[in-house]
Amino acid sequence: MTTSIPSAAELRHIPLRPFGRVVEAPGGNARIGDIPVDTLARWTEESRVLVLRGFSLLGKQEFADYCRRWGEVLKWEPGEVIDLVVEENPRNYLFASGDVPFHWDGAFVEADPRYFFFQCLDATAGAGGETVFSDTTAVYRDADPELRDLWARISVTYTTEKMVHYGGEVTERLVAQHPGTGVPVLRFAEPLDPAVYKNPVSVHVDGVDGAQAEEFIASMAERLHRPDYCYAHDWRRGDIVIADNIALVHGRNAFTGPTSRHLQRVEVI
Ligand SMILES: [Fe+2]
């Protein structure tokens, strides 16, 4: 068996709706390392979610080493590669089978990761558990000027107890600028109700008064969930996904079927 470098013409680009792109290599054993990082980074920036199919998965260490070509790899306590699997008695909602509300990764660490990478070692299609990405650049673009003015005044403080590999308190301005494209992005994570989630996150809004704060949280969550802004990724074994952690927020639908999925994730600053 020969592994050949796929030429640009052999790669099939399939747009996803309402954003995102699948890039498919013929033959099923292409190597991600053979495509220049600059090219993949451009595609990721353009599409925000890039799904690579027909590429060989990498060993755990190899995966972290590959991601290092893109930039500094975030080191969590468990290591650079986080195994995402559903646990029987999870300490944190990420490892449970319910839904995961919208957030961006790395809110509770020093530097916001720019990209996150997944590879899918195992999955059952149609079993729920889709990763849902919401495009905050489109949410901002479609907001009227008064709303944008209100948003520009808002900062949000998130507090969570450290249960697994993250925790603490962080304050972020709601509107930020994307370091690559320069367009406005929204930094927003939905509160996690202690009655529902293993690892509650409380949200405090500065820049508006009390009643308006509650209203802001509800209306922002509603906007982010609109189908026009959301791409839900139903995982297939062998998928490699690169996503823009700054333009997007993401969450997960609850599982409705077998939870035997195994993803590995790396964050690049
Ligand atoms: Fe996440």
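Which members of the stretch 141-157 meet the condition of being crowded, with 20+ Cβ neighbours inside 10 Å and not in a strand (DSSP E or B)? Within the stretch 141-157, Trp151, Ile154 meet the criteria. Please enumerate the residues belonging to the stretch 198-215 that are in contact with a strand residue (DSSP E or B) (Cβ under 9 Å, 6 or more places away or on another chain) and assigned to a helix (DSSP H, G or I). Residues satisfying the conditions are Gln212, Ala213, Glu214.
Could you tell me whether Arg187 is touching a Gly at 6+ places or on another chain (Cβ under 8 Å), among the charged types (D, E, K, R) and within 16 Å of the ligand (Cβ to nearest atom)?
no
Just one of the listed residues (Ile240, Ile269, Ile246) is within 16 Å of the ligand (Cβ to nearest atom) and surrounded by 20 or more Cβ atoms within 10 Å (Cβ to Cβ), namely Ile246.
Checking the structure you have, find out if any residue of the stretch 62-72 is out of contact with any Ser or Thr (no Cβ under 8 Å at 6 or more places or on another chain), among the acidic types (Asp, Glu) and touching a residue at least 40 places away in the same chain (Cβ under 8 Å). Scanning the stretch 62-72, I find at least one residue that is out of contact with any Ser or Thr (no Cβ under 8 Å at 6 or more places or on another chain), among the acidic types (Asp, Glu) and touching a residue at least 40 places away in the same chain (Cβ under 8 Å), so the answer is yes.
Scanning the stretch 91-133 for residues that are away from the ligand (no atom under 12 Å from the Cβ), closer than 25 Å to Thr157 by Cα and at pLDDT 95 or above yields Arg114, Tyr115. Restricting Ala218, Ala232, Ala195, Ala176 to those that are away from the ligand (no atom under 14 Å from the Cβ), over 22 Å from Leu40 (Cβ atoms) and assigned to a loop (DSSP other than H, G, I, E, B) reduces the list to Ala195. Of all residues in the stretch 117-140, those satisfying the criterion of being aliphatic (A, V, I, L, M) and assigned to a strand (DSSP E or B) are Leu121, Val132.
Among the residues of the stretch 220-245, the ones that are at negative phi and either at pLDDT below 95 or out of contact with any helix residue (DSSP H, G or I) (no Cβ under 9 Å at 6 or more places or on another chain) (or both) come to 14 in all. Checking each residue in the stretch 71-84 for being assigned to a loop (DSSP other than H, G, I, E, B) and touching a helix residue (DSSP H, G or I) at 6+ places or on another chain (Cβ under 6 Å) picks out Glu80, Val81. Taking the stated definitions as given, is Gly33 modelled with pLDDT of 95 or more, in a loop (DSSP other than H, G, I, E, B) and surrounded by fewer than 18 Cβ atoms within 10 Å (Cβ to Cβ)? Criteria not met by Gly33.
The values are calculated or read from the model by the stated rules, or taken from the named source; none is laboratory data. Just so it is clear, the structure is predicted and the values come from calculations on it, not from any experiment. Positions of Cβ are backbone-derived with ideal geometry, glycine not excepted, and every protein chain shown enters the neighbour counts.
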